[in-house]
1. Mind sorting B:Ser301, B:Ser147, B:Ser353 by how few other Cβ atoms lie within 10 Å of their own Cβ, fewest first?
2. In straight Cα distance, which lysines are under 21 Å from B:Lys46, not counting same-chain residues fewer than 8 positions off?
3. With a/c under 1.5 counting as rounded, go ahead and sort region B:16-172 into rounded, prolate or oblate using the C-alpha gyration tensor (a ≥ b ≥ c being the square roots of the eigenvalues; past the cut-off, prolate if a/b is larger than b/c, else oblate).
4. So what are the ³J(HN,Hα) numbers for region B:327-333, from phi and the Karplus equation (6.51, -1.76, 1.60; θ = phi - 60°), rounded to whole Hz, Gly and Pro as x?
5. Could you work out the helix-only [θ] at 222 nm for the protein assembly as shown, with each DSSP H run of four or more residues adding -39,500 (n - 2.57) and the total divided by the number of residues, to the nearest 500 deg cm²/dmol?
6. Taking each residue in A:52-58, count the Cβ atoms of any other chain within 10 Å of its Cβ, then average. What number comes out?
7. Could you give the nm distance between label points at A:Thr127 and B:Ser130, where each point is 7 Å from its Cα heading toward the beta carbon?
8. If R₀ is 22 angstrom, what is the calculated FRET efficiency for the pair B:Lys168 and B:Thr111, using the beta carbon separation as r and rounding to 0.05?
Amino acid sequence: MKKLIMIISMAICLTLLNAVFPDGNELLKKIDDNMLSKTMKATYTMTVQTKRATRTMVSVNWSQGTEKGFSEYTAPAREKGTKMLKDGDNLWIYDPNTDRIIQISGNMLKQSVMGSDLSYEDFMEETTMQESYSALVTGEEIYQERDCWVLMLAAKKPDISYQTIKVFVDKERFLPLYEERYAKSGKLLKTTQVQEVMQVKDRWYPKQMLYKDALKEGKGTLFTIDKIEFDVKIPAYIFTKASLKK
Amino acid sequence: MFKFLIKGLLRDRSRSIFPILVVIVGVLITVYFVAFMNGFVESMIKQNANLDTGHVKVVTRAYAEVISQKPFDLSLLDITDDMQQWKTRYPQLEWAPRITFGALLDVPDSTGSTLVQGEVAGMAVDLFSSSKEIKRLRLTKALRKGSLPAKSGQVLVSEALFDKLNLKLGQRVTLISSTVFGAMTLRDFEISGTVTFGVQALDRGGVIADISDVRRMLDMQDGASEILGYFTNADYKDKTARNLALDFNKTYSDSTDEYSPIMLTLSQQNDLGAMLNLFDSSLAITLFIFVGLMSIVLWNSGLMNGIRRYGEFGVRLAMGEQKKHLYRWLVMEAAVIGFFGTVIGTGLGLLISMYLQVYGFDMSAYTQNSTLLYDNVIYAHITPSCYYIGFIPGLLAVIAGAMLSGISIYKRKTSQLFKELET
């Protein structure tokens with residue numbers, strides 16, 4: 001009898017929850033629609049704030065969906081000319097000092113990109129949020145004076161780096177403003193805070209984000225989008241290994 | 001009296017031959033053990049100091065906390081001015097900045113793509129501005145193929161790594177690592193030669209490069225993960241080192257700044273302090289055991305001798321010789337045996353030790369999986385203590401044995417003497 005009461009109570013709670021909160025997976029689709037584009041070209045400034053020093057790097061980036069990406073570092077002098085190519089499951093890095101193209105694989109994927117709080121694995125995410133996670137809206141929060149839904153994302157596959165993600169999503173702009181990424185064990189691995197947003201045509205996009213690797217000391221990596229264009233025409237050669245040495 | 005005593009010992013050899021043999025063997029082992037341990041400890045101190053610990057070592061406080069991981073991202077940076085101050089304040093020390101780092105050694109094929117990769121433990125030392133580091137690491141002796149790096153961009157690799165990755169002399173390889181700030185970094189090097197240190201812990205996969213190349217690679221200009229200090233007289237004295245470290249840390253170390261320098265002595269690293277204490281006590285323990293064991297053997301031998309000389313003692317007592325005089329006589333006999341046994345045992349022990357001081361003892365078969373830094377060939381070292389240390393077990397044991405077995409003299413009853421002699 002007790003069990004029956006519990007099941008009925010849970011069913012009522014879930015029904016009420018669904019009635020109050022939107023469907024998590026639909027929300028995820030709206031986030032994907034806002035954040036993803038067919039192609040994109042952007043200039044980023046990445047400021048890595050370690051305990052000992054702050055270093056700023058500038059890169060020009062091209063991407064095609066979530067499958068292909070190409071980055072070229074233009075500053076500072078030490079990093080200038082370093083290029084990265086992502087094509088599906090493969091990631092290559094070109095080092096101008098050695099004129100070598102090295103494929104990043106295995107444990108190397110867990111290494112930090114240019115000393116930042118992002119790993120190569122973070123760059124390798126090649127599926128949409130909808131494809132990777134199932135979502136449940138668990139509440140509401142006000143974050144940076146914006147009304148947000150609180151989403152709990154659960155990975156659909158065991159090989160996804162972050163098995164659980166807690167996201168605060170802007171209710172109107174469908175823009176994730178804050179994320180906590182957890183390992184399978186429940187350990188917090190990374191946080192992302194959007195500090196500034198911008199409107200590009202009809203979509204809202206982060207202008208400045210702070211990535212923080214919870215396992216690293218330091219103040220995190222500030223990621224600023226200086227310039228961004230969506231759905232631009234990108235020559236096909238950009239996403240080839242030959243372009244790394246050009 | 002001594003002449004008479006020695007005559008007795010020489011004429012009745014069954015009285016002296018067994019005890020003297022026991023003393024010779026015991027003293028020989030003791031002298032050899034002391035000389036071998038001296039050599040082993042000295043080799044360990046020298047090898048550890050030269051390869052890893054220095055007589056003292058300066059690192060950041062944060063690095064010191066996890067020193068076994070050798071985290072070069074916690075290295076000392078911008079050290080030139082600091083080192084200048086240290087040189088002035090501590091003229092008795094020579095300084096050697098080093099960087100230890102982990103990397104992937106990537107071998108390209110003809111198209112520049114990865115052919116084979118292997119994990120390496122890198123060590124960056126000053127190869128060009130002075131030859132001291134080359135001497136400390138005995139690189140000239142350790143060189144197996146090719147030559148030492150003669151210019152920037154050249155590296156030495158361990159013979160084992162060279163064979164494992166099928167490398168060639170003059171071949172260009174890329175070292176892939178992280179900079180001190182955590183960014184991936186690549187640098188091309190040319191293999192100038194191969195080395196074998198004779199130390200398993202280092203021979204598994206080592207790469208040695210000049211510190212200036214590695215500083216550029218790891219983005220740590222003017223930095224070092226460890227700065228090793230060596231006493232100019234090359235002699236490590238733990239107390240002196242500890243006092244120096246105390247002064248250094250009081251002057252230059254700031255407990256609130258995790259990147260401020262801190263000095264560690266050799267004995268404060270790699271559990272070497274505990275090991276040195278252990279070796280010190282092992283010598284005392286060994287001497288104690290030898291004295292104990294030899295005393296028991298000689299006690300037994302004394303008793304046997306006592307039975308054999310039962311009649312002699314009885315007659316001497318009957319002739320009016322006092323028991324205490326007979327007892328002292330036996331002890332003196334033992335002392336003479338002990339003295340000569342010790343002299344012969346020490347001589348033989350020194351001879352064996354001298355042989356091992358020149359030719360050494362190859363321990364490589366016993367150190368396959370060792371991570372300790374010591375030579376695979378251990379050379380004995382004869383110190384002044386080797387000349388007198390044998391007298392402790394040699395005399396003590398033989399006298400103790402005689403004193404124990406001689407007690408039976410006091411139990412002897414002269415009233416039963418003739419009855420005994422009749423039988």
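Since every read-out is calculated from the coordinates, none of them should be taken as a lab result. Remember, it's a predicted structure, so these values are computed and weren't measured experimentally. Virtual Cβ from ideal backbone geometry, glycine too; neighbours counted across all protein chains shown.
1. Going from sparsest to densest Cβ surroundings: B:Ser147, B:Ser301, B:Ser353.
2. B:Lys57, B:Lys70, B:Lys132, B:Lys135, B:Lys141, B:Lys237, B:Lys239
3. Oblate, since a/c reaches 1.5 and b/c is not below a/b.
4. For region B:327-333, the Karplus curve yields 4, 4, 4, 4, 5, 5, 4 Hz.
5. Computed ellipticity for the protein assembly as shown at 222 nm equals -11500 deg cm²/dmol.
6. So the per-residue partner count for this stretch is 3.
7. 6.0
8. It comes to 0.80.
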